[in-house]
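Following: one structure in structure tokens, then a few remarks.
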Amino acid sequence: MTNKDSRVAYFCMEYGLDTSMKTYAGGLGILAGDYLKGAKDHGYPMVGIGIKWKQGYTDQRIDENGKPYDSYHNYEYDFLEDTGVTVDVTIRKQNITCKVWKVEQFGNVPLYLLDTDVPGNPESWITGQLYGWFGEERIAQEMVLGIAGVRALRKLGHDIDVYHFNEGHALFAGFELMREKMGQGLDFYEAWRQTREETVFTTHTPIVEGNESHPIEKLLYMGAANGLTVEQLVEIGGAPFNMTVGALRLSRMSNAVAELHGETANKMWAHVDNRSEIIPITNCIHRPTWVDEKMLDLQESGGDLWSRHLENKRALIDFIEERNGVRLKEDKLIIGFSRRAAPYKRSDFIFTDESIIGPLLESGDVQIVFSGKAHPLDDTGKGIVSSLVKMATKYPHAVVFLENYDMTIGAMLTRGSDVWLNNPRRPKEASGTSGMKAAMNGVLNLSTLDGWWPEACEHGENGWQFGDGFESEDVEALDKNDLDALYRILQEDVLPTFYDNRDKWVQMMSRSIASTRDRFAVKRMLEDYYDKLYAKN
Ligand SMILES: *Cc1c(COP(=O)(O)O)cnc(C)c1O
């Protein structure tokens, strides 16, 4: 069997396939959606397993006092195909029926979505809100994804060679694979060994708290142990049971999502024995979804990139005017920034010293467009959103906050901005794919050397880095280093090039596209996953 024939079942809690399909929260889902589309484009025999979220992730809007608030709505989709298949899973000793839907609508390989919202189910809410509620609910959702997911594959008649857990959320699929084998008479260790042979795992977050863990008693109470004993659970995931540790031990091979993240993840999990090796495979994007084909063509043929960029910029300006009633200036620099509001991402970083940034906003030489949600339970993140909104109120003609970040906003901003700002505290950003979207659209990255950017950055040629890759446990020192560098590069490089050297700017746009278009297109990622992660050597 050649490698490309490996039949892969890809498990993920969220999928961002289309802006109309509210089954994603952020980067993890966007990556998963892009991956399934790439698999379809390039002919890989893959299927996706996920959840049909009734309410999806939060709709987060801004109230009249500038504070974000959350609301949830029931979504109905007419593009879901009923497979006629249902599977059962026992949660809290109750039988829960999961209906299996299929989505193939968006140029993707088949994606099967599990849904507990069926008549007669005692707990139909399980597939209600993505990343909502509390620990027990999360476990229930993960049982649906993992345990019911494997059962769905069996009933649908898919033979699978590789089970790919995209994030630790899918780990209970491993317990189900073990249960099947133990049911056939294998002992625990042999079942574990064989499960490992067919399982791979992708870890995403270098933030310790982002790696979920659950008390062992809770796993037992919920029924997630799936027949395993306390000792066996502890042997796999420790106590409390860490989902990432468990997935590292249940898989044959693991990967991190950028080179730097590979180093970080290996340090982070160095203390875990009996785990799979973590190799780096850098994320990519699905070009047809995110990149203006015309920019790619013009770059190749040496055509007029600037005029086309201005069309995209105008489309963004119109979009902002429609949404927020503010009309930004076409001949002035637009900096785009959209990501989840989390402290390490430092969304409001550029406002730190208003004596420097204030005059640039007043004069209109710098215009900044923000978007991004905070997790509904994250008050710190919500405070960050509020501070951005406050700046938009203070500088109404230069600062914009677009509420309710989604794929539509993501696409508009990564096409129509001039500069894509990214300032996480290194090395906290695993990869970041919005910068890839921007780069391929000729939007120049201005970023700390974190995530994917150290691999792509040609400083002053295809974008800029600032901060020189400085790392420190001393957050104040790190912030000071990066802030000074950001202001220096902005004032000494970005602004002079934009306003006084358009030729150089366009040259950089061209280099930005040329240096990223293939290296960070999903075809490369698929090849890497098949060669390095799925192949058995
Ligand atoms: C691209 C995208 C992301 C992921 O980008 P990051 O750089 O990881 O923040 C998240 N959300 C949306 C809506 C996107 O379009």
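Throughout, read-outs are computed from the coordinates displayed, never taken from laboratory work. None of the values given here were measured: they were computed from a predicted structure. Cβ placement follows ideal geometry from the backbone for every residue including glycine, while neighbour counts extend to all protein chains displayed.
A few comments on the model shown:
- Restricting attention to the chain, close to 30% of DSSP beta bridges with both partner residues there are antiparallel.
- Taking 17 Å as the straight-line reach from the Cα of K40, the lysines in range (excluding those fewer than 8 positions away in the same chain) are K4, K102, K523.
- Degrees between helix 354-363 axis and first principal axis of the chain (Cα, 0 to 90, nearest 10): 70 degrees
- Amide H contacts of K54: G128, each under 5 Å away and 5 or more positions distant or on a separate chain (H built 1.01 Å from N in the peptide plane; Pro and chain starts excluded).
- Amide H contacts of F401 (H built 1.01 Å from N, under 5 Å, at least 5 apart or other chain): F370
- DSSP loop chymotrypsin sites (Phe, Trp or Tyr not before Pro) with at most 15 other Cβ within 10 Å excluded, longest remaining stretch of the chain: 135-537
- Restraint check, K345/K480; K54/K313; K313/K504; K181/K536; K22/K373, Cα-Cα greater than 23 Å: K54/K313
- Calculated [222 nm] ellipticity per residue, helices only, for the chain: -11500 deg cm²/dmol; basis is -39500 (n - 2.57) per DSSP H run with n ≥ 4, divided by all residues, nearest 500.
- Rounded to 10°, Cα long-axis angle of helix 188-197 versus longest principal axis of the chain: 40 degrees
- Whether the stretch 426-465 is rounded, prolate or oblate, judged on the alpha carbon gyration tensor where a/c under 1.5 counts as rounded: oblate
- Karplus (6.51, -1.76, 1.60) ³J(HN,Hα), θ = phi - 60°, over the stretch 160-175, in Hz, Gly and Pro reported as x: 10, 9, 10, 9, 10, 8, 8, 5, x, 3, 8, 3, 5, 4, x, 5
- Reachable aspartates and glutamates from K329, criterion Cα separation under 16 angstrom, eight or more residues apart if same chain: E311, D318, E321, E362, D365, D418
- Computed over Cα pairs, the Kirkwood radius of the chain leads via Stokes-Einstein (1.002 mPa s, 20 °C) to a diffusion coefficient of 90 µm² per second.
- Prolate/oblate/rounded label for the stretch 287-520 (Cα gyration tensor, a/c 1.5): rounded
- As a proxy for reagent exposure, ranking H309, H286 by other Cβ atoms within 10 Å from fewest up yields H309, H286.
- Over all other residues within a Cβ to Cβ distance under 11 Å of I278, the charged ones net out to 0, with Lys and Arg as +1 and Asp and Glu as -1.
- Nearest-ten-degree value, helix 475-489 long axis tilted from longest Cα axis of the chain: 40 degrees
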